[in-house]
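Enquirer: Quick one: the structure is below, questions incoming.
The values are calculated or read from the model by the stated rules, or taken from the named source; none is laboratory data. None of the values given here were measured: they were computed from a predicted structure. We place every Cβ from the backbone using ideal geometry, glycine too, and count neighbours over all the protein chains shown. In case anyone asks, the SASA skips ligands and DNA or RNA and just uses the protein heavy atoms, side chains included. Shrake-Rupley method; radii C 1.70, N 1.55, O 1.52, S 1.80 Å.
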Amino acid sequence: MDISGKTVLITGAGMGIGALTCIELAKAGANIIGVDIQKKEMNETKKQVEALGRKFFPYACDLSRPDNIEALVRQIGYDKLTFHILINNAGIAPSGPYLSQNFSTWEKAISININAVAKLTYLCLPVLANHTKAHIVNLASVAGKFGSEGTVIYSATKHAVVGFSQALRMELYDSNIGVSWICPTMVKTRMIDGVKPSFFTPIIEPILVVKAILTSIRKNRGELIVPSRLRFSVVVLPALFPKFSLWLAVRMKASKGWLLANKGLEKNIPK
């Protein structure tokens, strides 16, 4: 699918992977409908997109609230805007031992990381179906392929995103709408402050994830693991040797950092 001349609706457009994706999409000739919890979070993104000669339409939405998501899609319609591509990028990553948090913290992650993805996709599908070609990209994670300690709920939500995306791609296979899901390792953003990398989860630059997003749209790819070499350690190895891969992950302390990182990650959890 050609990106030039298309309009993209993207959540989490104010910073990190979302902001960089907006800029790279604008370079590719797309206009942007940006969504974040507050419009002011997107001021810099808007400035950079418009400097590239493309349009940026900012919308505030608390994705943890279904009524806000409904109002968002309604307002976009009232404003007579349409879009060809939906990118469900927004997410939060509270971490630590499962019993260390009040369950409301985990519920917030569930509401944003999977409920909002499913709800927004449901409401956007009729809009996407009106175009000759359209595409959906969902940001998952390697945590959606291989669960680990300290990320019990985050891993659960990202497994859900993978399953949701796989099933939706199959359901829409003969339609005009493609579906992709991106499973990156840890990305150098504030979301991983205080977390040490490991063999299973090296740290990569955000631009690698953005490139995967654009590739998935252009080539209608299904699943993209970033970097691709991780497919062996997080998919093939656990499938062929489940006991050994679990033993290896535990012995290498592959995710111990997430058990201790949550104090530094509290800023990622909207109130």
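Enquirer: Name, by its number, the condition in (1) open to solvent by 30 Å² or more (accessible area, probe 1.4 Å); (2) out of contact with any Cys (no Cβ under 6 Å at 6 or more places or on another chain) that does not hold for Asn68.
Expert: Here Asn68 clears every test but (2).
Enquirer: Kindly indicate which of Lys40, Lys80 is open to solvent by 60 Å² or more (accessible area, probe 1.4 Å) and part of a loop (DSSP other than H, G, I, E, B).
Expert: The unique qualifying residue is Lys80.
Enquirer: Look through Ser233, Ser198, Ser175 and report the one residue that is more than 26 Å from Ser64 (Cβ to Cβ), small (Gly, Ala, Ser) and modelled with pLDDT of 95 or more.
Expert: Working: Ser233 fails: modelled with pLDDT of 95 or more; Ser198 fails: modelled with pLDDT of 95 or more.
That would be Ser175, the only listed residue that is more than 26 Å from Ser64 (Cβ to Cβ), small (Gly, Ala, Ser) and modelled with pLDDT of 95 or more.
Enquirer: Quick one: which residue in Asn113, Asn89, Asn138 is open to solvent by less than 50 Å² (accessible area, probe 1.4 Å), at pLDDT 95 or above, touching a strand residue (DSSP E or B) at 6+ places or on another chain (Cβ under 6 Å) and under 30 Å from Leu248 (Cβ atoms)?
Expert: After ruling out the rest, the residue left standing is Asn138.
Enquirer: In this structure, is Gly34 open to solvent by less than 20 Å² (accessible area, probe 1.4 Å) and touching a Pro at 6+ places or on another chain (Cβ under 8 Å)? Explain how you work it out, then say what you get.
Expert: Working: open to solvent by less than 20 Å² (accessible area, probe 1.4 Å): yes; touching a Pro at 6+ places or on another chain (Cβ under 8 Å): yes.
Taking the combined requirement at face value, the residue satisfies it.
Enquirer: For the list (1) modelled with pLDDT under 85; (2) open to solvent by 40 Å² or more (accessible area, probe 1.4 Å); (3) not basic (Lys, Arg); (4) not in a helix (DSSP H, G or I), I need the number of the one condition that Pro270 fails.
Expert: If we test Pro270 against (1) modelled with pLDDT under 85; (2) open to solvent by 40 Å² or more (accessible area, probe 1.4 Å); (3) not basic (Lys, Arg); (4) not in a helix (DSSP H, G or I), just (2) comes out false.
Enquirer: What is the one condition in (1) over 17 Å from Val117 (Cβ atoms); (2) assigned to a loop (DSSP other than H, G, I, E, B) that Glu24 does not satisfy?
Expert: Tallying (1) over 17 Å from Val117 (Cβ atoms); (2) assigned to a loop (DSSP other than H, G, I, E, B), Glu24 fails exactly one: (2).
Enquirer: Hey, any hits in the range 43-63 for a residue that's within 30 Å of Gly150 (Cβ to Cβ) and either open to solvent by 40 Å² or more (accessible area, probe 1.4 Å) or at pLDDT below 95 (or both)?
Expert: There is no residue in the range 43-63 that is within 30 Å of Gly150 (Cβ to Cβ) and either open to solvent by 40 Å² or more (accessible area, probe 1.4 Å) or at pLDDT below 95 (or both).
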